[in-house]
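Here is the structure we will look at.
Read-outs throughout are calculated quantities, based only on the coordinates presented, and are distinct from any laboratory measurement. As the structure is a prediction and not an experimental result, all values here were calculated from the model. Reconstructed Cβ throughout: ideal geometry from the backbone, glycine too, with neighbour counts over all protein chains shown.
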Amino acid sequence: MTTSKEYIEYVCEQIKEWNPSYKKMFREYMIYINNKPMFTFCDNTVYAKKLECIKTIMGNAEKGFPYESAKECYIVDTDNKELLEKIIPKIEQVVSVPVKRNSKKEKI
């Protein structure tokens, strides 16, 4: 099962004050705030990296693996607006904007 577009849009509506955007990646989605990857979506479930900055807030949260070979992540309750308001600023402070890699290949 993959994440539905309706679910992505629902989550974006929940956090609209942060102007989120999303991108399809590997048949699933990543949500970005200020061009920073914040949450991974897999099978209509939202995952956040287990970062030290949200450990006290998310310590008792359910945990899971978004996909095979992934590291364990926190499962985010996207209906809990208060939780989202606490963790998004903390994650946003420590996550950096991904650097685009130059994929030029040498011509022979």
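Structure notes:
- Of the helices (runs of 4 or more DSSP H) that lie entirely inside segment 1-104, those containing 3 or more residues that are in contact (Cβ under 8 Å) with a residue 60 or more places away in the chain span 5-14, 81-94.
- Flag if Glu17 is over 13 Å from the mean Cα position of the chain (by Cα) and of a type outside the set (Gly, Ala, Ser): yes
- All positions within segment 37-63 that are at negative phi and surrounded by fewer than 15 Cβ atoms within 10 Å (Cβ to Cβ): Glu52, Lys55, Thr56, Ile57, Gly59, Asn60, Glu62, Lys63
- Qualifying residue in segment 45-58 (condition: aromatic (Phe, Trp, Tyr) and over 13 Å from the mean Cα position of the chain (by Cα)): no
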